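S.K.: One structure follows; several queries about it will come next.
The values are calculated or read from the model by the stated rules, or taken from the named source; none is laboratory data. As the structure is a computational prediction, the values presented were derived from the model and not from experiment. Cβ atoms come from the backbone with ideal geometry, glycine included; neighbour counts cover every protein chain shown. Accessible surface areas use protein heavy atoms only, side chains included; no ligands, DNA or RNA. Shrake-Rupley method; radii C 1.70, N 1.55, O 1.52, S 1.80 Å.
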Amino acid sequence: YTNVNESSSLYAVNTLPDITDHLVIPVVLRIGVAGNYTIRFTENYFNNMHIWFEDAALDETINLLNEDSYTFSQAAEINEDRFFIHFGRNTKPILNFEIPDQETVVNESYSYTLPDNMFTDNDFEDVITLTAELTSGDDLPGWLIFDPELMQFSGIPTEIQDLNIRIRATDIFG
């Protein structure tokens, strides 16, 4: 650590190489007195990067995009293999297969549920949000409802028409 002139603040400086995939940084702690401790993660300037903190001793992991502290109990000792910070470059959601063509009958109820594994995202704790629109960018017709939570299309068609629909899977980085 260093301290800034006329300040009692202590600073640690660390640099990382360009992260192209996944990087793991061990965090070494010197605990002088047994007790409960909290590590706070106050600055995160990594764009399009997943960052998570691992406690290997307790097999616990927290996502630092959602949580900014970790509390743990520790005996008085040096821990060189308990804590790790993981950095992972964001990847796009993957389309696993396309929806087969669908047909409906005018004035009869229609429902289609997307398969659970239609899209996957291999990033740690990434969340995929689904939206649906016509491939032209226009909204779905009024009779056709898409429920992203249920991953389901439903409605009663009121006329004969061809619809080309785009389902978009977006992760937390857009």
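S.K.: Of all the accessible heavy-atom surface of the chain, with the other protein chains kept in place and a 1.4 Å probe, what percent is carbon and sulfur?
M.R.: After summing per-atom areas, the C and S share lands at 47 percent.
S.K.: Evaluate 2.2 N^0.38 Å with N set to the residue count of segment 78-174, then give the Cα radius of gyration divided by it.
M.R.: Taking N as the residue count of segment 78-174, the ratio is 1.49.
S.K.: Give me the accessible area per residue for the chain, probe 1.4 Å, as a whole number in Å².
M.R.: 70
S.K.: With a/c under 1.5 counting as rounded, go ahead and sort segment 19-62 into rounded, prolate or oblate using the C-alpha gyration tensor (a ≥ b ≥ c being the square roots of the eigenvalues; past the cut-off, prolate if a/b is larger than b/c, else oblate).
M.R.: Note, shape of segment 19-62 comes out prolate.
S.K.: Taking each pair of distinct Cα atoms in the chain once, what is the resulting Kirkwood hydrodynamic radius in Å?
M.R.: Answer for the chain: a Kirkwood hydrodynamic radius of 20.5 Å.
S.K.: Here is a follow-up. So if R0 is 35 Å, what FRET efficiency would Phe41 and Leu150 give, r being the distance between their Cβ atoms, rounded to the nearest 0.05?
M.R.: Efficiency, from the Cβ-Cβ distance: 0.50.
S.K.: Further question: Enumerate the calculated ³J(HN,Hα) couplings along segment 108-123 in order (Karplus 6.51 cos²θ - 1.76 cosθ + 1.60, θ = phi - 60°), each rounded to whole Hz, writing x wherever the residue is Gly or Pro.
M.R.: Each residue of segment 108-123 in turn: 10, 4, 10, 8, 9, 9, 5, x, 4, 9, 4, 10, 10, 9, 7, 6 Hz.
S.K.: With springs only between Cα atoms under 10 Å, which of Glu149, Glu67, Glu54 fluctuates most in a Gaussian network model of the chain?
M.R.: In this elastic network of the chain, the residue with the biggest mean-square fluctuation among Glu149, Glu67, Glu54 is Glu149.
S.K.: So how do 68-80, 31-43 stack up, highest first, on mean other-Cβ count within 10 Å?
M.R.: Peptide ranking by packing, descending: 68-80, 31-43.
S.K.: How many times 2.2 N^0.38 Å is the alpha carbon radius of gyration of segment 43-100?
M.R.: For segment 43-100, the normalised Cα radius of gyration comes out at 1.58.
S.K.: Ok, one more. Please list, in chain and number order, the residues 5+ apart from Ile172 or on another chain whose amide H is under 5 Å from its amide H, with Hs placed from the backbone.
M.R.: Here Val127 satisfy the definition.
S.K.: Write down the radius of gyration of segment 118-174 and its Dmax, each obtained from C-alpha positions, in Å.
M.R.: 13.4, 44
S.K.: Let me ask something else. I'd like the projected area of segment 81-132, averaged over all directions, using the convex hull of its alpha carbons. Report it in nm² with one decimal.
M.R.: The number I arrive at for segment 81-132 is 5.8 nm².
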